[in-house]
Amino acid sequence: MEAFGTADEPVIDVRDLRMRYGTKDVLDGVNFVARRGEVLALLGPNGAGKTTTIEILEGFRMRSAGEVRVLGDDPATGGERWRARLGVVLQSWRDHGKWRVRELLGHLGTYYADYSTSQINRPWPVDELLEVVGLTGQRDTRIGRLSGGQRRRLDVAIGIVGRPELLFLDEPTVGFDVAARREFHDLVHRLTDVDDTTVLLTTHDLDEAEKLADRILILAGGRIVADGSPDELARRVAGETEVRWTRDGSRYVHSAADATGFVRELFAQYGEDIADLEVRPTSLEDTYMTLVRESEAGRAADAVDVFAAVAR
Amino acid sequence: MSAASTALRTGVARGGIEFRQSLTTGLDLWTYLFPSLVALITVFFMRDARVPGTEFSLGASTLPGFLGMNLALTGLATVAQLLVTDREDGTLLRAKAVPTGMSGYLIGKIVLVGGMALVGFVLQLVPALFVVDGLQLDANGWLTLCWLIPLALVATMPLGAVLGSIFDNPRSIGLIMFTMFGLIAISGIFYPITALPGWLQGLGQVFPIYWMGLGMRSAFLPDAMAAVELGGSWRTLEGFGVLGLWAVLGLLLAPVVLRRMARRESGSAVAARREKAMSRAPM
């Protein structure tokens, strides 16, 4: 029997999740929900508990307390059938160095063969998968000889070879250069376009969260301090837009709730004298800084670390 | 198809692929050839010496013990080493991330190490046969090999897995090997255990290496040679018993220890090890 939920059942449902190492509470009541087909970014400063959260959801780490449901099951007790519906993109280092690309993907795929359903045919045919991640030219290359970027594409291929309904990506682009990062983002977009895969990724990179995610969760101080689309988050904090201009050689800056109206007024009053006009909505970065700072305001001891992390 | 039969099928396939890789990779070939070179050199220099009190070639009588010792080393040290390195580099975590992956991984390792042990055995035995005379393998000897080799692997591989689960650092493999060499020294492989003080003889007989050497000698040497062993006998039943006890102990311990070890594997555990490895050996 398949444990398939209905379309409106959440893929991930986390309630009051707590994790304590010794006397330190890393997660202090985390709540969030992911729906089918959503791409969620768990964003936060280093040490905020992102990796701990994702490892609990993957079933790789036992939680201290709280309710967690992933694809309808508790990850702490999820069986092999549950495992077959998940994909985990791990950061490879030098594992399986003697294997050839196609050989390893084909082999790992066979573990999923028993878990096909009427909707999902598992595993992903190897040659098709190689095409999707752009490794067709390296199919017979030893994994130890792949470049860094090729290896990461292989990591993604391994993560999705079982055609997961839910895919986890933990800090997927750490150590990437600009080109490799863009290539990776394109790959994630392709995945979510083709299948109805739900994706949860962690990152401390705002830009990445904004580019990839439908919804951003900001984790700070062991709690989710914000949850919404990039636009919603940006609006939520200030709701004001910054307007800059020069007149008679002087620079002016003004924050306005109704930027359009303000600029109309400005031109009506000064006409041709206005130059170098800039209208800049509050960026996600501003929002992020504000939210993290607010959440840490009551935690003087921790705040220093967070500011240091955010300031990087 | 059931999960168990999938794990078995994929595990055997995995072991087969890795076994083939071990036969086609330069560094791995060396791990096959090195012991067989040692065997060859050892019997070569001992070929004209006699076992004290007999007219039998010392080289010929040392070879079977050497074969037994290497089976034990493969089962213990190779398994431990594979497990430690696979844990460090994330191979094990990958296995954990796929359904029935851990079972497949373990079955694969059993196939791989079994294959390595058998190929090693043949590579050590055959060339040495051209150097020394006197070894014989009659029907009884074949029968002995048929139970001794599998039992030797079952008695050592689970223990090797336990060792590999307990030690977290590839450097501790050195410690394991050091202990092994100590055990070999008191197991009557390169010279008779009867030459050791009584308490060392007792200690040597606790561990599987002595019994595997003795069992191999009983398979390859004429029965008259039993006279120079402890108690003047091959003590087949005792050997079977001691190896059997180690097998039971290993099979009881290994699943518990392996499960505990596997439970602790996570992306951050592997990342931490990578950082540690990077800091001691910049790449």
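Taking other C-beta atoms within 10 angstrom as a stand-in for reagent exposure, A:E294, A:E210, A:E80, A:E278 fall in the order A:E278, A:E294, A:E80, A:E210, fewest first.
Using only Cα atoms, locate the centre of the stretch B:247-283 and the centre of the stretch A:99-167, then give the distance between them in Å, rounded to an integer. Cα centroid to Cα centroid, the span is 25 Å. Sequence-ordered 3J(HN,Hα) estimates for the stretch A:168-180 from the Karplus curve with 6.51, -1.76 and 1.60 and θ = phi - 60° stand at 9, 10, 9, 6, x, 10, 4, x, 8, 7, 4, 5, 5 Hz, glycine and proline given as x. Approximating the spin labels as points 7 Å out from Cα along Cα→Cβ, the B:L237-to-A:T117 distance works out to 6.0 nm. Going toward the positive end of the dipole of chain B, with +1 on Lys and Arg Cβ and -1 on Asp and Glu Cβ, which of B:T78, B:S36, B:M46 do you reach last? Result: B:T78. A cut-off of 5 Å between modelled amide H atoms, ignoring neighbours fewer than 5 places along the same chain, links A:D73 with no other residue. Evaluating 6.51 cos²θ - 1.76 cosθ + 1.60 at θ = phi - 60° for every residue in the stretch A:39-46, the Karplus couplings come out as 10, 10, 10, 9, 10, x, x, 4 Hz, glycine and proline recorded as x.
Distance between the C-alpha centres of the stretch B:1-52 and the stretch A:179-238: 49 Å, rounded to the whole angstrom.
Residues A:E265, A:E128 in ascending order of nearby Cβ atoms (within 10 Å, fewest first): A:E128, A:E265. 3J(HN,Hα) along the stretch B:158-175, derived from phi through the Karplus expression 6.51 cos²θ - 1.76 cosθ + 1.60 where θ = phi - 60°, amounts to x, 5, x, 5, 5, 4, x, 7, 6, 7, 9, 10, x, 5, 6, 4, x, 5 Hz, with x in place of Gly and Pro. As a rough footprinting exposure proxy, the listed residues B:L145, B:L137, B:L63 were ranked by other beta carbons within 10 Å of their own, and the order from fewest upward is B:L137, B:L145, B:L63. Close amide H pairs (under 5 Å, H built 1.01 Å from N) link A:V11 with A:A34, A:R35, A:R36, residues at least 5 positions away or on another chain. With 0.36 nm allotted per residue and the present C-alpha distance subtracted, the B:L203-B:I41 stretch has 55.5 nm of extension available. Put simply, the amide H of A:V88, placed in the peptide plane, has neighbours under 5 Å in A:F168, leaving out anything fewer than 5 places away on its chain. Which shape class applies to the stretch A:202-246: rounded if a/c is under 1.5, otherwise prolate when a/b exceeds b/c and oblate if not, where a ≥ b ≥ c are the square roots of the Cα gyration tensor eigenvalues? The shape class here is prolate. In summary, the lysines within cross-link reach of A:K50, defined as a Cα separation below 26 angstrom excluding same-chain residues under 8 places away, comprise A:K24, A:K211, B:K96, B:K276.
Projected label points at A:A268 and A:D28, each 7 Å from Cα along the beta carbon direction, are separated by 5.0 nanometres. The spacing between the stretch B:196-243 and the stretch B:115-193, judged by their C-alpha centroids, is 14 Å.
Using a simple spin-label model with pseudo-atoms 7 Å out from Cα toward Cβ, B:V122 and B:A185 lie 3.6 nm apart. Relative to the current alpha-carbon distance between B:S5 and B:F130, full extension at 0.36 nm per residue lengthens the span by 40.6 nm. Its DSSP H runs of at least 4 residues, each contributing -39,500 (n - 2.57), put the calculated 222 nm mean residue ellipticity of the protein assembly as shown at -17500 deg cm²/dmol, to the nearest 500. Where both bridge residues fall in the protein assembly as shown, DSSP classifies roughly 65% of the beta bridges as antiparallel. Charges were assigned to the Cβ only: +1 to each Lys and Arg, -1 to each Asp and Glu. The resulting dipole of the stretch A:12-232 about its Cα centre is roughly 800 debye.
Select from A:A41, A:L212, A:T51 the residue farthest towards the positive end of the dipole of the stretch A:12-232; place +1 on Cβ of Lys and Arg, -1 on Cβ of Asp and Glu, and compute about the Cα centre. Working it through, the farthest residue towards the positive pole turns out to be A:T51.
Laboratory data are not the source of any read-out in this text; all were calculated from the coordinates shown. None of the values given here were measured: they were computed from a predicted structure. Methodologically, a virtual Cβ is constructed for each residue, glycine included, from the backbone with ideal geometry; neighbour enumeration extends over all protein chains shown.
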